[in-house]
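The values are calculated or read from the model by the stated rules, or taken from the named source; none is laboratory data. Note that this is a predicted model, so its numbers are computed, not measured. Note that each Cβ is placed from the backbone with ideal geometry, even for glycine, and that neighbours are counted across all protein chains shown.
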Amino acid sequence: MSVAKIVSVHSFRGGTGKSNTTANLAAQVALAGKRVGVVDTDIQSPGIHVLFGLDEAKMGKTLNDFMHGKASMKEVAFPVHEHVSAAPGFEKLKNAKLWLFPSSINGREISQILKEGVDFNKLNEALQNAISEMNLDYLFVDTHPGLNEETLLSIATSDVLVLILRPDDQDMQGTAVTADVARSLDVPHLVLMINKSLAIGGEIQILKENTEKQFNAPVAGLLPLSFDVARNASRELFSLSQPDHEWSKELRKVAQFVLSLE
Amino acid sequence: MNRNLIEQIKKIDIFNGLSDEALMEITQQGTLRILKAGDALMKKGETGNSLFLIHSGLVKIITEDSKGDEVILNKCGAGEAIGEMALLDSSPRSAGAVALEDCEALEISRETFQKILDARPDVSLQIIRKYSHRLRFATTYIERAIDWAQKIAEGDYSFIEQSQPLLNEAGSDNAKAAQLLSAFFTMVNKVKAREEDLRKEVAKLSFEIDQERRKKDFEEITGTEFYSNLKEQAKTLRMKRAQQNKSEES
């Protein structure tokens with residue numbers, strides 16, 4: 001591994017399973033033996049920490065502290081592999097190397113950083129420091145949905161942009177614009193992932209091909225809409241607890257795709 | 001005695017398996033009925049008291065629609081039996097039967113049949129076996145139908161293809177089971193087709209991207225000063241990273 005990669009995971013709309021996907025992707029890449037970090041840049045509505053078993057009581061330094069010069073990224077890093085929870089399948093991460101860089105869930109701190117705005121260079125410094133201080137191979141960035149300024153910053157710094165889309169009109173429309181913006185910002189790799197798909201059998205290939213044509217980017221995985229995932233997604237990492245599920249298989253395809261990128 | 005009649009009665013499901021001698025006794029105790037076209041053999045709603053074996057000719061099985069007009073459910077010809085269940089219970093007839101042409105039929109009344117059952121334990125036992133077989137058969141299909149219904153609820157239709165051979169199997173054994181299966185498969189195929197149409201509709205609709213709006217939205221985002229600055233900064237950053245990577249590799 002020569003160069004660390006920043007992988008931003010983004011979706012135009014909320015409710016596409018973005019945080020859930022990011023957490024699962026990061027876990028799968030970590031299970032492949034890589035040193036992985038996850039930064040929650042969704043400063044408006046952070047949430048990914050819950051999936052890694054980090055609750056309010058345990059939360060120490062945050063990305064906000066780094067932004068205000070009050071902590072180093074190393075101090076912000078929460079070693080997920082050292083805090084393996086009782087959630088099903090989580091013990092698999094015991095031998096992995098996975099750190100979470102959480103965003104503050106304190107309301108006052110959230111409004112403060114939103115008021116000040118996020119500086120491109122400062123955010124970039126956060127990402128670069130996370131990589132160098134923890135010697136990471138991959139740094140996943142969980143972004144805020146939509147195309148606000150913070151999100152554009154995240155996209156602009158990434159080497160890989162994973163765009164999650166739901167096969168419905170409004171989401172496709174917004175995702176198309178996001179893809180155009182990512183190209184305009186010279187993001188080297190654009191990867192699509194369809195979530196909550198209802199396609200079955202031959203339709204899967206059609207949906208895949210049509211989407212690739214519309215966005216001019218590869219679809220690395222097509223994850224089915226599943227009640228099993230909906231039931232369990234908020235309290236466990238589904239690809240770890242139910243690795244044989246169709247959703248998990250497709251998610252691993254996306255992880256493999258990310259791992260294969262040069 | 002007409003051997004042909006014995007051969008015919010032998011094929012009636014509930015009599016199947018009885019000895020020729022027992023069949024002969026049943027036949028002998030029956031009443032031969034001669035019908036002209038238009039004569040009614042049985043009326044819908046009346047208490048059923050006997051079974052009819054059509055020896056020759058054609059009979060229509062009828063009911064009425066909501067307006068009271070006649071609806072033909074089926075036609076029965078030589079060798080077919082109607083009203084079989086009346087031998088065992090006295091439920092009202094579920095349909096009427098009228099001769100379509102001159103017919104000969106053998107009527108076996110419940111009274112006659114029960115006398116034979118009283119006198120002949122071998123015949124009783126055979127009839128009980130026949131009915132328990134039927135019951136078992138029906139239960140099997142009910143259990144299958146429950147299993148299939150659960151699969152349909154989960155959207156799994158894979159059982160249709162695997163289960164098609166049952167249709168032929170049932171056809172030779174029990175016409176009603178074959179009818180039920182056939183109706184069931186027709187229903188499932190229709191449900192499946194509707195679901196697929198709906199899904200295709202959903203999939204098709206997913207690709208309606210308004211290209212003009214896409215362009216307009218893109219220009220709106222990229223047209224700001226913030227964006228031009230960002231683009232510039234990102235460019236510098238990527239160049240810096242590329243240089244770093246080069247120096248690390250060398």
Practice task
Note down all Cβ pairs under 6 Å where the first residue falls in the stretch A:86-100 and is without any contact (Cβ under 8 Å) to a residue 12 or more places away in the chain, the second is aliphatic (A, V, I, L, M), and they're at least six residues apart or on different chains.
Solution key: A:Glu91/A:Val84
Exercise for the section: Check whether at least one residue in the stretch A:189-196 is more than 13 Å from the chain's Cα centre (by Cα), among the charged types (D, E, K, R) and not in a strand (DSSP E or B), and report yes or no. Expected result: no
Problem - Number of the condition not met by A:Leu139 [criteria: (1) under 27 Å from A:Lys61 (Cβ atoms); (2) outside any helix (DSSP H, G or I); (3) facing another protein chain (nearest Cβ under 9 Å)] - result: (3)
Handout entry: the stretch B:124-152 residues that are more than 21 Å from B:Asn16 (Cα to Cα), paired with ones that are part of a helix (DSSP H, G or I) (beta carbon under 6 Å, 6 or more apart)
Key = B:Tyr141/B:Ala177; B:Trp148/B:Phe159; B:Lys151/B:Phe159
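Residue by residue, here is whether (1) more than 13 Å from B:Ala105 (Cα to Cα); (2) without any contact (Cβ under 8 Å) to a residue 60 or more places away in the chain holds:
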site	(1), (2)
B:Gln8	no, no
B:Ile12	yes, no
B:Thr31	no, no
B:Lys36	no, no
B:Lys43	yes, yes
B:Leu53	no, yes
B:Val59	no, yes
B:Gly68	yes, yes
Practice task
Would you please name the residue that is surrounded by the most Cβ atoms within 10 Å (Cβ to Cβ), looking only at residues in the stretch B:52-80 that are touching a helix residue (DSSP H, G or I) at 6+ places or on another chain (Cβ under 8 Å) and part of a strand (DSSP E or B)?
Solution key: B:Leu53
Fill in the blank from the handout: The one condition A:Glu209 fails out of (1) in contact with a helix residue (DSSP H, G or I) (Cβ under 9 Å, 6 or more places away or on another chain); (2) more than 9 Å from chain B (Cβ to nearest Cβ); (3) of a type in the set (Asp, Glu); (4) without any contact (Cβ under 8 Å) to a residue 24 or more places away in the chain is (1)
Problem - Residue that is farthest from the other protein chains (Cβ to nearest Cβ), among those in the stretch A:173-197 that are surrounded by fewer than 21 Cβ atoms within 10 Å (Cβ to Cβ), in contact with an Asp or Glu (Cβ under 9 Å, 6 or more places away or on another chain) and under 13 Å from A:Ser8 (Cα atoms) - result: A:His189
Practice task
Please indicate, with yes or no, whether at least one residue in the stretch B:173-184 is at pLDDT 75 or above and of a type in the set (D, E, K, R).
Solution key: no
Practice task
Look through the stretch A:59-72, keep the residues that are in a helix (DSSP H, G or I) and out of contact with any Ser or Thr (no Cβ under 6 Å at 6 or more places or on another chain), and return whichever of them is nearest to A:Leu114 (Cα to Cα).
Solution key: A:Met67
Problem - Residues being surrounded by fewer than 16 Cβ atoms within 10 Å (Cβ to Cβ) and within 17 Å of B:Glu21 (Cβ to Cβ) - total across the stretch B:119-138 - result: 5
Fill in the blank from the handout: In the set A:Ser154, A:Ser132, A:Ser184, A:Ser158, the lone residue that is over 23 Å from B:Glu232 (Cα atoms) and of a type in the set (Ser, Thr, Tyr) is A:Ser132
Handout entry: Subset of the stretch A:114-134 [loosely packed, with under 13 Cβ neighbours inside 10 Å and modelled with pLDDT of 90 or more]
Key = A:Ser132
Handout entry: Number of positions in the stretch A:43-91 that are among the polar types (S, T, N, Q) and modelled with pLDDT of 85 or more
Key = 3
Handout entry: Sole exception among (1) more than 15 Å from A:Ser11 (Cβ to Cβ); (2) facing chain B (nearest Cβ under 10 Å) for A:Met134, by number
Key = (2)
Completion exercise
Contact list, first residue from the stretch B:233-248 and in contact (Cβ under 8 Å) with a residue 60 or more places away in the chain and more than 8 Å from chain A (Cβ to nearest Cβ), second anywhere and in a helix (DSSP H, G or I) and exposed (fewer than 12 other Cβ atoms within 10 Å of the Cβ), beta-carbon distance below 8 Å, six or more apart or interchain, is none
Practice task
Answer yes or no as to whether A:Glu56 is in a helix (DSSP H, G or I) and surrounded by fewer than 15 Cβ atoms within 10 Å (Cβ to Cβ).
Solution key: no
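Residue under question is A:Asp168, and the condition is that it be acidic (Asp, Glu) and within 13 Å of another protein chain (Cβ to nearest Cβ); does it hold?
Judged against the criteria, A:Asp168 is a match.
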Exercise for the section: Select from the stretch A:135-146 the residues that are surrounded by fewer than 20 Cβ atoms within 10 Å (Cβ to Cβ) and farther than 12 Å from A:Asp42 by Cα and list them in ascending order. Expected result: A:Asn135
